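Just so you know, all these numbers are worked out from the coordinates, no wet-lab data involved. Given the structure is predicted, the values throughout are model-derived calculations rather than measurements. Backbone-built Cβ (ideal geometry, glycine too); neighbour counts: all protein chains shown.
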Amino acid sequence: MPKRITNVVILKGGKAEIFRYGHDGRQALELLIGGPAYTDAKIRDTLGWRPGEVLEDVRSAACVDFDRKVLVLGGDFGFIRVDEDVHFVSEWDFTSMLHPYWPGWTLIYAWEQAWGLVINYFWTHGLVLPPTLVPMAEQGHPLSAEVRRSLEIFTINLEWKEAYAVAPPPARISEEYRDALLTPIEALGYSARATSSDLFFVGDIVGATAAQLDEAEMRLGTRLSLFKDFRRELGLNVPTTLPAFLDKALQEAHGWKLPVELPLEWQDWRRQALG
């Protein structure tokens, strides 16, 4: 079984640096949610990360390729699933969550063979990792035909589009958005069961903390869809509220204050709307 370790490879100017974290991959996501420049700057002085010499057989691995603007992600990152049958978050939701913060980059993701995906990426592009790799790398191509086929089947490629861009949110939503905030969730095609009986209006979700949405067991896919509709259908410039550990990292990386504050009159509006 792969080690409960995360490797991140920074590839820049043809030089590859390996970094190691001796636990699951959530700590990598806390860096990656900040985008490429943030990841490159912070990984060297973030507690728990240290330079490594070996790309290990790990549960989670990433390669940040600045030369080609490609982010390669492999494994479960302690966030997607714990085994082949139990899903926390779908692979598509996972890549969709990160992509807005990597403008102009391509994301490649596969759950299977975390370290193998990174090695295969280097091999495909004729790149060289530091010399002390896992023993298999000493034998010609490091991956078997069976592993390469599984990577092809399970790999997601996501090209960045301008539509993914997320602008910095306002500190407070203005009164002009009263009608948008008072829109019932069901009017956007979502059932109360998909959100929570207490989260009846758009404003309830926009104003909720990440911890509150976690407690309501709102799935990441639902959050991504909801906030996309808030922006597209209602013109509310608010970023998706991610699970609490990532929402905190997002605030630290981008300097945003979340959740966005609702108008001071919000509670009065809500009571009036409920009659």
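Things to note:
- Each residue of the stretch 68-80 was assigned a 3J(HN,Hα) from its phi angle through the Karplus curve 6.51 cos²θ - 1.76 cosθ + 1.60 (θ = phi - 60°); the sequence is 10, 6, 10, 10, 9, 10, x, x, 9, 6, x, 9, 8 Hz, with glycine and proline shown as x.
- Listed residues Pro100, Pro168, Pro239, most fluctuating in the chain (Gaussian network, C-alpha, under 10 Å): Pro168
- In the chain, a dipole from Cβ-located charges (positive for Lys and Arg, negative for Asp and Glu) runs towards its positive end, and of Ala28, Ile205, Gln267 it is Ala28 whose Cα lies farthest in that direction.
- A simple spin-label model places the labels of Glu215 and Glu176 3.4 nm from each other, with each point 7 Å out along Cα-to-Cβ.
- All Cα-Cα distances of the chain, cut into 5 Å bins from zero to the largest, leave 1, 5, 12, 16, 17, 14, 11, 8, 6, 4, 3, 1, 1, 0, 0 percent in each bin in turn.
- Gaussian network model of the chain, Cα within-10 Å springs - most flexible of Gly48, Gly74, Gly189: Gly189
- The chain, helix-only ellipticity at 222 nm - DSSP H runs n ≥ 4, -39,500 (n - 2.57), divided by all residues, nearest 500: -9500 deg cm²/dmol
- Alpha carbon centroid spacing (whole Å) that separates the stretch 223-259 from the stretch 1-44: 23
- Among beta bridges that DSSP assigns inside the chain, antiparallel share in %, nearest 5: 65
- GNM on the chain, alpha-carbon springs under 10 angstrom: the most fluctuating residue among His99, His125, His254 is His125.
- A simple spin-label model places the labels of Glu252 and Lys228 2.9 nm from each other, with each point 7 Å out along Cα-to-Cβ.
- Charge dipole (the chain, unit charges on Cβ, about Cα centre) - positive-most of Gly78, Val54, Gly13: Gly13
- On Cα atoms only, tilt of 114-124 relative to the major axis of the chain in degrees: 60
- Sequentially through the stretch 157-173, phi angles give Karplus couplings (6.51, -1.76, 1.60; θ = phi - 60°) of 10, 10, 7, 6, 10, 4, 5, 7, 4, 10, 7, x, x, x, 5, 9, 7 Hz, Gly and Pro residues having no value and appearing as x.
- Karplus-derived 3J(HN,Hα) values for the stretch 99-113, using 6.51 cos²θ - 1.76 cosθ + 1.60 with θ = phi - 60°, are 4, x, 9, 10, x, x, 9, 9, 9, 10, 9, 8, 6, 6, 6 Hz; glycine and proline are entered as x.
- Glu146-Lys3 FRET efficiency (beta carbon distance; Förster radius 22 Å; 0.05 resolution): 0.55
- Shown is the FRET efficiency for Ala37 and Leu274, computed with R0 = 41 Å from the Cβ-Cβ distance and rounded to the nearest 0.05: 0.35.
- Amide H contacts under 5 Å for Arg50: Arg20, restricted to partners 5 or more places along the chain or on a different chain, H placed in the peptide plane at 1.01 Å from N.
- Relative to the Cα centre, the charge distribution of the chain, modelled as +1 at Lys and Arg Cβ and -1 at Asp and Glu Cβ, gives a dipole magnitude of about 500 debye.
- Non-local Lys pairs in the stretch 1-97, i.e. 8 or more apart or on different chains, that have alpha carbons under 20 Å apart: 5
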